[in-house]
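S.K.: Below you'll find the structure I mean.
The values are calculated or read from the model by the stated rules, or taken from the named source; none is laboratory data. No experiment lies behind these values; they were computed from the predicted model shown. Cβ sites come from the backbone with ideal geometry, for glycine too, and all protein chains shown count toward neighbours. Keep in mind that these areas ignore ligands, DNA and RNA; they rest on the heavy atoms of the full protein, side chains included. Shrake-Rupley method; radii C 1.70, N 1.55, O 1.52, S 1.80 Å.
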Amino acid sequence: MATKRLARQLGLIRRKSVAPTNGNVGRSKSKQLFDYLIVIDFESTCWNDGKRHQSQEIIEFPAVLLSTSTGEIESEFHTYVQPQEHPILSEFCMELTGIKQAQVDEGVPLRICLSQFCKWIQKIQQQKKIIFATGISDLSNSEVKLCAFVTWSDWDLGVCLEYECKRKQLLKPVFLNSWIDLRVTYKIFYRRKPKGLSGALQEVGIEFLGREHSGLDDSRNTALLAWKMIRDGCLMKITRSLNKDK
């Protein structure tokens, strides 16, 4: 029962919808369910001529590890990914993301990227005693730290990675099946619709650092926003899971 109760708290088991209030805004940060958050923001192939039917492929795969107790980014993962289906980037894509053709040409296929990412995950799990929200079977060790993934919208993990892995018959790590959509969390907590990531940052008094649509810069800025929301009293919970309810 304890495991089921914790799963419900983490948002892995859906219950009747109750809209969280933002009564804690302006107060000290609340006790968080997760000790760490890993923020991901992919960049992918894209076109400006209505070719939305074309399959998008990840070309930049960044992740940053945020401590919810200190607000520090304690580790980062970053690599450029070589697209296989549409290997030549459009001019629009290069201009939007700042990613050059040579960078993806020298990148690794998504299969290798996921393998490298899993090694990074294993390393930080060992160093920081991290487990993910999907692995709640053994919480007897008080030293264990809970961790969840964070994205800005459901697109990165719910659409882009999900469908690319299916098309290419790649085994997607199961821990990427649940995440916190910070965009919807922001909307519920502050009771206003954000105007993009940079707009959300501006609304809470934070200047966007770096280049917009750079995956790594977007990930770092999303982490900054998450930390600001935590300080304002927002409790981070899983908003989306691809795992079938049991």
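S.K.: Per residue, what volume in Å³ does the convex hull of the Cα atoms of the range 30-241 enclose?
M.R.: Values: hull volume 26.2 nm³, N = 212.
Given the Cα convex hull of the range 30-241, per-residue volume reads 123 Å³.
S.K.: What's the Cα-based Rg to Rh of the range 71-126, Rh via Kirkwood? Before the final figure, lay out the partial values.
M.R.: Numbers: Rg = 13.9 Å, Rh = 12.9 Å.
On the Cα set of the range 71-126, Rg over Rh gives 1.08.
S.K.: Ok, one more. For the charge dipole of the range 30-241, defined by +1 on Lys and Arg C-beta atoms and -1 on Asp and Glu C-beta atoms about the Cα centroid, which residue among Leu171, Cys113, Tyr190 has the Cα displaced farthest towards the positive pole?
M.R.: Comparing the listed Cα positions along the dipole, Tyr190 ranks first.
S.K.: Something else now. Leaving ligands, DNA and RNA out of it, report the carbon-plus-sulfur percent of the accessible area of the range 30-241 at a 1.4 Å probe.
M.R.: Numbers: 4760 of 9840 Å².
Summing carbon and sulfur atoms, their accessible area is 48 percent of the total for the range 30-241.
S.K.: How much area per residue is accessible in the range 30-241 when the probe is 1.4 Å and only protein heavy atoms are counted (Å²)?
M.R.: Working: 9840 Å² over 212 residues.
Solvent-accessible surface per residue comes out at 46 Å².
S.K.: Ordered by packing density, taken as the mean number of other Cβ atoms within 10 Å over each peptide's residues, highest first, how do 156-165, 221-230 rank? Walk me through the numbers on the way to the answer.
M.R.: On the way: 156-165: 19.1, 221-230: 22.3.
Those peptides, ordered most packed to least, come out 221-230, 156-165.
S.K.: With +1 assigned to the C-beta of every Lys and Arg and -1 to the C-beta of every Asp and Glu, and no other charges, what is the dipole magnitude of the range 30-241 about the Cα centre in debye, to the nearest 20? If you can, show how the numbers build up before the last one.
M.R.: On the way: 26 positive and 27 negative charges, 160 e Å.
I would put it at about 760 debye.
S.K.: Also: For Gln169, project a label point 7 Å along Cα to C-beta. Then give me every residue of the range 64-107 with its amide nitrogen under 20 Å of that point.
M.R.: 83-86
S.K.: May I ask you to evaluate 6.51 cos²θ - 1.76 cosθ + 1.60, the Karplus curve with θ = phi - 60°, for each residue of the range 95-100 and list the ³J(HN,Hα) values in order in whole Hz, giving x for glycine and proline?
M.R.: 5, 5, 8, x, 8, 8
S.K.: Could you list the residues of the range 148-168 with an amide nitrogen less than 20 Å from a label point located 7 Å from the Cα of Gln84 in the Cα-to-C-beta direction?
M.R.: Flagged as within label range: 157-168.
S.K.: Provide Val150, Val204 ordered by accessible surface of protein heavy atoms (probe 1.4 Å), highest first.
M.R.: Reading off the accessible areas and sorting them downward yields Val204, Val150.
S.K.: I've got another one for you. Considering Cα pairs under 8 angstrom that are at least six residues apart, work out the relative contact order of the range 30-241 and quote it in whole percent.
M.R.: 27
S.K.: Label points 7 Å out from Cα along the Cβ direction at Glu212 and Glu95: separation in nm?
M.R.: 1.5
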